[in-house]
1. Listed residues G184, G179, G138, G163; which is buried (at least 19 other Cβ atoms within 10 Å of the Cβ) and farther than 22 Å from Y260 by Cα?
2. State all residues of the range 237-281 that are among the hydroxyl-bearing types (S, T, Y) and out of contact with any Phe, Trp or Tyr (no Cβ under 6 Å at 6 or more places or on another chain); if no residue qualifies, say none.
3. From the residues in the range 97-124 that are β-branched (V, I, T) and crowded, with 16+ Cβ neighbours inside 10 Å, which one is farthest from N171 (Cα to Cα)?
4. Looking at the range 27-41 only, could you name the residues that are in a helix (DSSP H, G or I) and either free of Cβ contacts under 8 Å to residues at least 60 places away in the same chain or polar (S, T, N, Q) (or both)?
5. Given the options K101, K142, K71, name the one that is among the basic types (K, R) and either closer than 22 Å to G319 by Cβ or in contact with a helix residue (DSSP H, G or I) (Cβ under 7 Å, 6 or more places away or on another chain) (or both).
6. Do any residues in the range 231-243 that are free of Cβ contacts under 8 Å to residues at least 24 places away in the same chain have Cβ atoms under 6 Å from those of residues that are of a type in the set (D, E, K, R) and outside any loop (DSSP other than H, G, I, E, B), where the two are at least six apart or on different chains, and which pairs are they?
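The values are calculated or read from the model by the stated rules, or taken from the named source; none is laboratory data. The model shown is predicted, which means the values in this text are computed figures rather than measured ones. We place every Cβ from the backbone using ideal geometry, glycine too, and count neighbours over all the protein chains shown. Heads up: the accessible areas ignore ligands, DNA and RNA and are worked out on the full protein's heavy atoms, side chains in. Shrake-Rupley method; radii C 1.70, N 1.55, O 1.52, S 1.80 Å.
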Amino acid sequence: MSDDESVANPPIKLVNKPNDTAINQQRMKSWNPILDPVWVICTYIILGIIFIPVGLKINSIADGVSELSQKYDSHDDTTLDCHIGDNTNTNKTCTVSFVTKDDMEPPILVYYEIKNFYQNHRKYITSRDDKQLFGYVGDRTKQSKDHCSPLDQLGNISISPCGLIANTLFNDVIKLVGGKDNKGQDLILVEKGIAWQSDIDYKFKQPDTFRRESCDCADCPCDPPKWSCTNSTPFKDDDGKCWKYFYPNKAHTQYLYETYPMVVNPIEGVMNEHFIVWMNAAAVTPFRKLYGYIEEPVAKGETLAFQIQANWEVKSFKGSKTLIVSTTEIFGGKNKALGQVFIVCGGFLLSLGFLFGVKHFVWPRKVGSKKYLRFKEE
């Protein structure tokens, strides 16, 4: 190469060359175990010996859970007191009673269980507008409207929140009307604290520009356009406190508290925890959702009475509704599936260890034996 060429084409500097270290140049020492038959057989047997007792212990813990359940509506059983057929929002009242079979320690969880309703259907689970649920008010994209269709608008009235999940909210009302704790005090069904705190903080929010203000019930003007109270009447909560409130674009929007007035009040709106629990779609059917919990212990033989106002029909999808009262343990409610998985896996591993052991000791095979090699013939 001439001097002129070397000047015109200088050598390329290798800027991405890895450092000359053991880890960068892949010179680190490593251990590559040889999985000979004895090690494999011993591993299977040891794992099997561990898995089976663990599964039995998990089942034993699950047996310690006290669970009571009663079906109160079904598509094919008209004898049930809360049967409403295919009628919605009937507000039919019935009472479901349980007699405790064991001492129940708090928290005592109250669930409703729905059978044959598939929240995991793709159309259903995507039928929501997360921006709207988090308070966005304004023009929405075509995609968000398509996701919510057909429950996006009623004529010229927009539905907020839109979508299938929000507008099929479980709206049976469940109240604990009978039952004493160990001290003889009336039991209270707590309905706060049932939703995940992360959902409350980061997924749901009242509409932008929503506001509320407490007021004296005797003197609480709540007239439009400054306020949007129903019939210009303030809302009175369970504590007897009055509130006036404002929702944006109220004349052209139907809000959640208007769609489900028996469950959601205008002060909570989408922050209602029953609504937030419902919006977490279940992966399977039947599924349970937490309705509330009891914070006091209940003695064996105590009668718990629940008053139910039935509004949510199950006949259209051939389903059923069940009320469940249950204690809990480290692995959740009364569910032996996890323990059975450990037992089955442990038995399978022991079987493999035994079969491989018999094969190895009756027909052993030397590791690395050349007699098993087959060379390609010339």
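1. G179
2. Result: Y245, T253, Y257, T259, Y260.
3. Per the stated criteria, the residue is T100.
4. Of everything in the range 27-41, just one residue is in a helix (DSSP H, G or I) and either free of Cβ contacts under 8 Å to residues at least 60 places away in the same chain or polar (S, T, N, Q) (or both), namely W39.
5. None of the others qualify; the one that does is K71.
6. P234/K244
Conditions tested, residue by residue: (1) assigned to a loop (DSSP other than H, G, I, E, B); (2) closer than 20 Å to G339 by Cβ; (3) in contact with a strand residue (DSSP E or B) (Cβ under 7 Å, 6 or more places away or on another chain).
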{"site": "N19", "(1), (2), (3)": "yes, no, no"}
{"site": "Q25", "(1), (2), (3)": "yes, no, no"}
{"site": "T43", "(1), (2), (3)": "no, no, no"}
{"site": "I50", "(1), (2), (3)": "no, yes, no"}
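Results for (1) in a loop (DSSP other than H, G, I, E, B); (2) under 20 Å from the mean Cα position of the chain (by Cα), shown as yes or no for each residue.
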{"position": "S60", "(1), (2)": "no, no"}
{"position": "D77", "(1), (2)": "yes, no"}
{"position": "L80", "(1), (2)": "yes, no"}
{"position": "N89", "(1), (2)": "yes, no"}
{"position": "V96", "(1), (2)": "no, no"}
{"position": "E113", "(1), (2)": "no, yes"}
{"position": "Y124", "(1), (2)": "no, yes"}
{"position": "G138", "(1), (2)": "yes, no"}
